[in-house]
Amino acid sequence: MAALGLIAALTATACNSEASKNDSSPPPSSSSAPAQDNTQLFHDIYKQLVETDTSHSTGSTTVAANAVKQRLLDAGFAESDIQIFEPVQRKGDLVLRFTGSGQRKPLLLLGHLDVVEAKREDGWNTDPYKLTETDGFYAARGSIDDKAMVSALVSGLIQLKREGFKPNRDIVLALTADEEAGTDNGAKWLMDNKADLMSAEYGLNEGGRALLVDGKPSLQGVQVAEKTYTTYQVEAKASGGHSSVPTPDNAIYTLTAALNRLAAYRFPTSLSDPAKDNFGALAAGRTGQEADDMRAVAAGNPSPEALERLSATPEYNAQLRTTCVSTMLKAGEAENALPQTATATVNCRILPQDNPEDIDKQFKAALADSKLNVTRKLDPAGGISPANGDVMAAVTSLTKELFPTAAVSSFMSTGATDSKYARSKGIPMYGVSGLFMVSADAGRIHGVNERAPIAGLDASREFLYRLVKQLSQ
């Protein structure tokens with residue numbers, strides 16, 4: 001099915017169109033290759049990558065990188081255009097340079113090849129490492145995160161190569177390892193060790209949020225910021241002893257008391273421009289008090305009561321403030337011994353406009369126990385990418401053309417992506433995919449039965465192809 005027909009199928013209700021879901025007419029573009037061929041190429045690459053195990057424990061991103069390299073060579077890219085780095089065995093990263101005229105600084109396209117672990121026995125309806133079509137969806141691990149976007153970018157660059165497209169800048173594609181798990185993050189390694197290859201005016205990555213409501217594209221959210229990923233280790237010590245003679249000095253009790261105080265603490269609200277933009281866009285699809293509260297946030301003057309009401313929804317609360325939550329506990333040496341050590345892992349997500357040192361002080365004050373041993377691991381702080389430049393303008397114009405029912409807004413991701421490594425090096429990054437789906441399917445990412453709508457995939461591929469082309473001509 002041609003991409004334009006799929007886009008029409010997604011937006012038919014809004015456009016009052018009688019377009020058939022089987023419309024195979026090609027989209028208006030300068031492509032000399034039939035649209036169906038480009039769509040089939042995307043599906044072939046997608047299937048190959050999804051069915052290549054790239055999980056941390058048993059898989060290999062090196063295998064996937066070499067498969068992509070062969071696709072690029074077959075399309076006419078030179079061997080010298082493509083490099084594969086393998087700083088750690090099985091953790092290969094691919095970098096392609098599509099050489100342009102050099103009129104502008106490069107465009108960076110970032111994607112990760114690795115996936116979250118998946119086991120059939122955990123409740124999958126299908127083999128998680130075999131692409132399975134069912135009820136208009138493709139189900140498999142990585143069917144969305146991130147092999148959908150990787151396949152779209154690879155097939156889009158091959159299409160541009162076939163067309164004889166001459167970009168006005170170099171286009172750099174970096175496909176990396178260990179975004180999901182492991183200690184050998186490929187994006188970080190490339191930024192630290194191959195900065196000359198990764199240098200760019202700005203870049204595109206995963207992290208966008210495209211919402212489908214009542215069968216129609218509703219919101220194209222462009223990620224321009226994300227929270228700073230921070231991990232605390234909080235340790236309590238005690239003298240221990242025999243469990244038959246309890247004492248007040250108990251490491252578990254000391255630690256849990258401190259964690260309960262932390263759980264009761266809420267960091268102050270802080271409104272960034274992306275948060276205001278996002279709440280303004282969300283308000284258009286809401287009614288009543290919730291819509292009024294969102295509009296107040298968008299205007300930058302919410303009342304304490306409005307913030308309290310919005311904070312009751314975890315997703316909104318995470319947009320409004322820094323959060324910290326206990327995620328792991330380890331304590332005790334034996335069931336018949338008083339614990340000498342109790343340790344908690346606390347994961348914090350710090351707003352990009354918050355000062356991590358101020359958060360550190362608040363964190364320790366909330367624990368309210370100076371005897372605890374507190375250590376911190378802070379990921380790079382990426383800041384906020386400008387939301388008024390070429391990328392947002394291109395996304396807005398293409399969204400209006402291809403998904404006319406969808407609003408466009410910038411937003412801050414509460415989760416983490418590899419964009420933080422580029423932003424920390426001064427490269428503005430934009431998370432956007434054009435893959436519209438309902439919230440329930442977005443919630444399957446990292447869980448069981450991850451699946452992607454087939455029509456949405458093909459429309460996303462067309463959107464990304466056009467976006468890269470528009471930003472490079």
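Some notes on this structure:
- Loop-located GluC sites (Glu not before Pro) across the range 298-352 with a Cβ neighbour count of 13 or fewer within 10 Å are GLU333, GLU335, with loop assigned by DSSP.
- Environment charge at ALA381 (Cβ cut-off 9 Å; Lys +1, Arg +1, Asp -1, Glu -1): +1
- Using the Cβ of GLY142 as centre and a radius below 9 Å, the other residues enclosed give a net charge of -2, where K and R count +1 and D and E count -1.
- Solvent-accessible surface (1.4 Å probe) assigned to MET328 amounts to roughly 120 Å².
- Across the protein chains, with a 1.4 Å probe defining accessible surface, the residues CYS348, CYS324 rank CYS324, CYS348 from largest area downward.
- 3J(HN,Hα) along the range 55-64, derived from phi through the Karplus expression 6.51 cos²θ - 1.76 cosθ + 1.60 where θ = phi - 60°, amounts to 6, 5, 7, 10, x, 8, 6, 5, 4, 5 Hz, with x in place of Gly and Pro.
- Within the chain: Cβ-based charge dipole about Cα centre, in debye rounded to nearest 20 (Lys, Arg +1; Asp, Glu -1): 700 debye
- Positive-end extreme of charge dipole, the chain - chosen from VAL115, ALA337, VAL297 (charges on Cβ): VAL297
- Annotation: amide H-H contacts under 5 Å for THR132 (H modelled 1.01 Å from N, sequence separation of 5 or more, or interchain): ALA139.
- Given charges at Cβ of Lys, Arg, Asp, Glu: the chain dipole, positive-most of GLY142, THR247, GLY389: GLY389
- Derived scalar couplings ³J(HN,Hα) [the range 90-107; Karplus, 6.51 cos²θ - 1.76 cosθ + 1.60; whole Hz; x for Gly, Pro]: 6, 10, x, 10, 10, 10, 10, 10, 8, 5, x, 6, x, 5, 9, 5, x, 9
- Taken one residue at a time, the phi angles of the range 334-349 give Karplus couplings (6.51, -1.76, 1.60, θ = phi - 60°) of 7, 6, 10, 10, 5, x, 8, 9, 9, 10, 10, 9, 10, 9, 10, 10 Hz. Gly and Pro are set to x.
- When each of the peptides 295-303, 250-258 is scored by how many other beta carbons lie within 10 Å of its residues on average, the order from highest to lowest is 250-258, 295-303.
- Computed from Cα positions, the angle between helix 35-50 and the longest principal axis of the chain comes to roughly 30 degrees.
- A cut-off under 14 angstrom between Cβ atoms defines the neighbours of GLY102, and their net charge, with Lys, Arg +1 and Asp, Glu -1, is +3.
- Expected 222 nm ellipticity per residue - DSSP helices of 4 or more, -39500 (n - 2.57), all of the chain, to 500: -11000 deg cm²/dmol
- Taking label points 7 Å from Cα along the Cα-to-Cβ direction, GLN89 and ALA365 give a separation of 5.1 nm.
- Computed from the Cβ-Cβ distance with R0 of 51 Å, the FRET efficiency linking ALA264 to LYS47 stands at 0.55.
- Note on SER397 and TYR253: with the Förster distance fixed at 51 Å, the Cβ-Cβ geometry gives a FRET efficiency of about 0.30.
- The charge dipole of the range 294-423, taken about its Cα centre with unit charges on the Cβ atoms of Lys, Arg (+1), Asp and Glu (-1) only, comes to about 80 debye.
The values are calculated or read from the model by the stated rules, or taken from the named source; none is laboratory data. All values derive from a computational prediction rather than experimental measurement. Neighbour counts are summed over all protein chains in view; Cβ atoms, including those assigned to glycine, are modelled from backbone coordinates with ideal geometry. Each accessible area value is taken on the protein alone, full model and side chains, heavy atoms only, with ligands, DNA and RNA left out. Shrake-Rupley method; radii C 1.70, N 1.55, O 1.52, S 1.80 Å.
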